[in-house]
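*Asks:* Quick one: the structure is below, questions incoming.
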2 protein chains.
Amino acid sequence: MSKTFDIAVIGATGLIGETLLMVLDEREFPVGNLFPLSAGEAGSQVAAFGERNLRVRDVETFDFATVALVFLLEPLAPIQLARIESAGCALVDLTGSLSAQQAPCVVAGVNSPAAAGRWLRSPLPAVVALASVLGALRQVLGLQRVTVTACLAVSSRGRDGIEELARQTAQLLNARPVEPQLFDRQIAFNLLARASAEMPDGHARDERRLAAELGEVLAAPQLPVAVTCVQAPVFFGDSLAVSLLCDEPVDLPVIRHCLDDAAELELVEQGDYPTAVGDALGQDLVYVGRVRPGLQDPRELNLWIASDNVRKGSALNAVQLAELLLKHTL
Amino acid sequence: MSKTFDIAVIGATGLIGETLLMVLDEREFPVGNLFPLSAGEAGSQVAAFGERNLRVRDVETFDFATVALVFLLEPLAPIQLARIESAGCALVDLTGSLSAQQAPCVVAGVNSPAAAGRWLRSPLPAVVALASVLGALRQVLGLQRVTVTACLAVSSRGRDGIEELARQTAQLLNARPVEPQLFDRQIAFNLLARASAEMPDGHARDERRLAAELGEVLAAPQLPVAVTCVQAPVFFGDSLAVSLLCDEPVDLPVIRHCLDDAAELELVEQGDYPTAVGDALGQDLVYVGRVRPGLQDPRELNLWIASDNVRKGSALNAVQLAELLLKHTL
């Protein structure tokens, strides 16, 4: 029998946690014992893993020395993180709460972790999508500037986001007043220009995070990235309108060939375009279309990207990072 | 009694036509006789103007010599346009079917028509919004590059667009299959990366139109404009994520003061942001927020714009162009 690894998943019952357990099972990750944990009140929650239903335990009383690998899907207090570290566990973080020093940011197929690292960060789902495309393109072009409007699905806010969009939509279709709860105003049939808390400098937290993580994954921290994160009334799937400024005039056949060749990407045919709902949903690939140069500037390249934020952008990338750890570290 | 002008409105019963008649009435435009016309079958349609209900007539049999001014809200065959021209009518076009040579493109408060012009074009609603903001800003900054993601309301496709979004949404909430008719795929809870027909070069018709009209209104035809028009599941109101590259580092207090001073704009407070539904709907102002410099590049300026595409972007601008014609030409 081949070697297996005992694993803890902190936040296993959320939308991403549920998909993560499914992806671990699908990809036949060598899981020994799996411990679903909760940073809040575990209560009597149960998480499904393959055929099994597993009782959710409290983080605070869990002995991390019993597992080799931890998936972090809920932010933890520093004291709990220190317990995981001193137990010697490898860790894949999806919360964005760890620093680049604590855990390098990695997108599978784009960059590799430093050899010694046992802790890795999986970035914002929009970064997984964007870095997959730009990682392929940088083989054939030099990037001077990236401008992106990232239209985020409400599932980026978990099940509560989904429930709120459904509830508000039903209220409006029944001519009842809308009562925003999770979002700061009406999200149904509307677009919100701020998908996360605004910092004093006017940028939203996720806009800063997207730019920083993209720079880290592409090893180009000085690359100017202009980003607006928009909360869209879409249940699943991020959609990105991207405009790149390149060093030289873009060669469209070369660009298309490069995108078509990339293992993580699906380039849709010319004249067609992908959508979050129709194409990306439930898929392991990032969809790219509307590939076109600038109207006035031949150094400009414009793209439209659609990607499943829960599966591809979160759960799958996290499991792929665990596979990297398995190969190099565990 | 002061002088009045007899007016024909071609396409008076559509969403924009209805609002145009309302705005003419509200602004006390000196209307004598008003003739609602239809380029298709007029049948027994009726258009409301103030207290009156007016019968819709056929364009083909209408004598344009009886009116001084024509609003064009439906594209016409060249032979009909020639009849309007030879009758000596002034004209305001909202269809985008006339060339810059036939009729210059004007946004009220931003640029002025050439003295002799009797025909004017009102641009895409998104151009009215964007040019209002950039027209104000160019007093205090030099533009090198404009990148815009224009998320367009379904009302840009008229009443059919509104009905389709409502129908698809109800189908999905009732777990029934969605049947796209007007749009090329599911628009409910989705974003479509192509809001109009795609040209052989990969740009959509409205993306080309937006860039060309913006360049014309700002008298900057060489200004690089990168544009993606996205069809959003929003009934009314266009939302624009805009990133500008300027000649010099931007001075934020100066920028905010300039936007705050502009008569056509409403700058929302720092920390807040406007939305199409909550702010712009039914308003004569273009709403601006999320004003912030670049994360890496101090010459970058990012903005979020919301504007009522039917009222501000179409009907009001068309009536304001008629007011310009009244002052200078009629």
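The values are calculated or read from the model by the stated rules, or taken from the named source; none is laboratory data. Fair warning: this is a prediction, and the values are worked out from it, not measured in the lab. Glycine gets a Cβ as well: all are built from the backbone with ideal geometry, and neighbour counts include every protein chain shown. Each accessible area value is taken on the protein alone, full model and side chains, heavy atoms only, with ligands, DNA and RNA left out. Shrake-Rupley method; radii C 1.70, N 1.55, O 1.52, S 1.80 Å.
*Asks:* Roughly how many debye, to the nearest 20, is the charge dipole of the stretch B:128-309 about its Cα centre, given +1 on each Lys and Arg Cβ, -1 on each Asp and Glu Cβ, and no other charges?
*Replies:* Magnitude of the dipole: close to 540 debye.
*Asks:* Just how much of A:S2 is accessible, in Å², when a 1.4 Å probe is used and the result is rounded to the nearest 10?
*Replies:* It works out to around 90 Å².
*Asks:* If I compute solvent accessible area with a 1.4 Å probe over the protein chains, what percent of it on the stretch B:273-315 is carbon and sulfur? It would help to have the intermediate numbers written out before the result.
*Replies:* Working: 430 of 900 Å².
Using a 1.4 Å probe with all protein chains present, the stretch B:273-315 comes out at 47 percent carbon and sulfur.
*Asks:* Same structure again: Working from Cα positions, state the angle (0 to 90°, nearest 10) between the long axis of helix B:15-26 and the longest principal axis of chain B.
*Replies:* 80
*Asks:* Between copies, how close do the A:G40 label points come, placed 7 Å along Cα→Cβ, listed in nm from shortest?
*Replies:* Those label-point separations list as 5.2 nm.
*Asks:* Magnitude of the Cβ-charge dipole of the protein assembly as shown, K/R +1 and D/E -1, about the Cα centre, nearest 20 debye?
*Replies:* Numbers: 52 positive and 80 negative charges, 0 e Å.
Here the protein assembly as shown has a charge dipole of around 0 debye.
*Asks:* Which one, A:D93, A:D260, A:D201, has the greatest fluctuation when you compute a Gaussian network model over chain A with C-alpha springs under 10 angstrom?
*Replies:* Fluctuation is largest for A:D201.
*Asks:* Shifting gears a bit: Along Cα-to-Cβ, 7 Å out, sits the label point; list in nm, shortest first, how far the one on A:Q101 is from those in the other copies.
*Replies:* The projected label point of A:Q101 is separated from its counterparts by 6.6 nm.
*Asks:* Here is a further query. Provide, in order from the shortest bin, the percent of all Cα-Cα pairs of the stretch A:1-89 in each 10 Å bin, continuing until the bin that contains the maximum pair distance.
*Replies:* Going from the shortest bin to the longest, the percentages are 17, 53, 27, 2.
*Asks:* Then there is this: What aspartates and glutamates sit close enough to B:K312 to cross-link, taking a C-alpha to C-alpha distance under 12 Å and skipping anything fewer than 8 places away on the same chain?
*Replies:* Cα-Cα hits under 12 Å: B:D238, B:E264, B:D284.
*Asks:* Same structure again: Output, in nm with one decimal and in ascending order, the distances from the B:R159 label point to the matching label points of the other copies (7 Å from Cα along Cα-to-Cβ).
*Replies:* 4.3
*Asks:* Solvent-accessible area of B:R209, probe 1.4 Å, all protein chains present, reported in Å² to the nearest ten, please.
*Replies:* B:R209 exposes around 50 Å² with every protein chain in place.
*Asks:* Ignoring ligands, DNA and RNA, what percent of the 1.4 Å accessible area of the stretch B:188-251 is carbon and sulfur? Write down the numbers at each step before the final one.
*Replies:* On the way: 1100 of 1940 Å².
Ligands and nucleic acids excluded, carbon and sulfur give 57 percent.
*Asks:* Any chance you could check the Cα centroid distance between the stretch A:64-121 and the stretch A:1-61 for me, in angstrom?
*Replies:* Cα centroid of the stretch A:64-121 versus Cα centroid of the stretch A:1-61: 16 Å apart.
*Asks:* Can you give the angle from 0 to 90° between the axis of helix A:205-217 and the longest principal axis of chain A, with both taken from C-alpha atoms, to the nearest 10?
*Replies:* Its long axis makes an angle of about 90 degrees.
*Asks:* So how compact is the stretch A:193-287: Cα radius of gyration and Dmax in angstrom?
*Replies:* Here Rg and the maximum Cα pair distance are 15.6, 43 Å.
*Asks:* In whole Å, largest first, what are the principal axis extents of the Cα atoms in the stretch A:37-84?
*Replies:* For the stretch A:37-84, the Cα extents along the three principal axes come out at 33, 23, 17 Å.
*Asks:* Moving to a separate point now. Which value in deg cm²/dmol, rounded to the nearest 500, describes the helix-derived mean residue ellipticity at 222 nm for chain A, given -39,500 (n - 2.57) per DSSP H run of n ≥ 4 and division by the residue count? It would help to have the intermediate numbers written out before the result.
*Replies:* Numbers: 7 runs with 85 residues, N = 330.
The helix-only estimate for chain A comes to -8000 deg cm²/dmol at 222 nm.
*Asks:* How well do other chains shield peptide A:244-256, expressed as the mean number of their Cβ atoms within 10 Å of each residue Cβ?
*Replies:* 1
*Asks:* I would also like to ask the following. Just to confirm, what accessible area per residue do you get for chain A at 1.4 Å probe, in whole Å²?
*Replies:* Numbers: 12800 Å² over 330 residues.
On a per-residue basis, 39 Å².
*Asks:* A further question follows. Using a 1.4 Å probe and ignoring any ligands, DNA or RNA, find the accessible area of A:T4 and quote it in Å² to the nearest 10.
*Replies:* About 60 Å², ignoring ligands and nucleic acids.
*Asks:* Plugging the Kirkwood radius over Cα pairs into Stokes-Einstein for chain B, at a temperature of 10 °C and a viscosity of 1.306 mPa s, what D comes out in µm²/s? Working shown, then result.
*Replies:* Details: Rh = 20.7 Å.
The estimated diffusion coefficient comes to 77 µm²/s.
*Asks:* If you don't mind, there's one more thing I want to ask. Charges at C-beta only: +1 for Lys and Arg, -1 for Asp and Glu. How large is the resulting dipole of chain A about its Cα centre, in Debye rounded to 20?
*Replies:* Numbers: 26 positive and 40 negative charges, 65 e Å.
Rounded to the nearest 20 debye, it is 320 debye.
*Asks:* If you don't mind, there's one more thing I want to ask. If you line up the long axis of helix A:158-173 against the longest principal axis of chain A, both from Cα atoms, how many degrees apart are they, to the nearest 10?
*Replies:* On a 0 to 90 degree scale, this one is about 60.
*Asks:* Can I ask one more? Interface A/B, total buried accessible area with a 1.4 Å probe, nearest 100 Å²? Write down the numbers at each step before the final one.
*Replies:* Numbers: alone 15350 and 15350 Å², together 25600 Å².
So the total buried area for this chain pair works out to about 5100 Å².
*Asks:* A further question on this structure: Output needed: percent of Cα pairs per 10 Å distance bin for the stretch A:128-309, bins running from 0 to the one holding the longest distance.
*Replies:* P(r) for the stretch A:128-309, in whole percents per bin: 10, 35, 33, 17, 6, 0.
*Asks:* Among all the lysines, which ones have a C-alpha under 17 Å from A:K327's C-alpha, if same-chain residues fewer than 8 places away are not counted?
*Replies:* A:K3
*Asks:* Going by a 1.4 Å probe on protein heavy atoms, which residues of the stretch B:179-226 end up with at least 50 Å² less accessible surface in the whole assembly than in their chain alone?
*Replies:* B:R185, B:F189, B:N190, B:L191, B:A193, B:R194, B:H203
*Asks:* What whole-number distance in Å separates the alpha-carbon centres of the stretch B:151-195 and the stretch A:244-279?
*Replies:* Using only Cα atoms, the two centres lie 26 Å from each other.
*Asks:* Express the carbon and sulfur contribution to the solvent-accessible surface of the stretch A:1-149 as a percent, rounded to the nearest whole number, probe 1.4 angstrom.
*Replies:* On the way: 3060 of 6380 Å².
The nonpolar share, carbon plus sulfur, comes to 48 percent.
*Asks:* Can you list the residues, at least 5 places off or on another chain, whose amide H is less than 5 Å from the amide H of B:V234, using H built in the peptide plane?
*Replies:* Result for B:V234 returns B:V154.
*Asks:* What is the Rg over Rh value, at two decimals, for the protein assembly as shown, using alpha-carbon atoms and the Kirkwood definition of Rh?
*Replies:* Working: Rg = 27.2 Å, Rh = 26.5 Å.
Dividing the radius of gyration by the Kirkwood radius yields 1.03.
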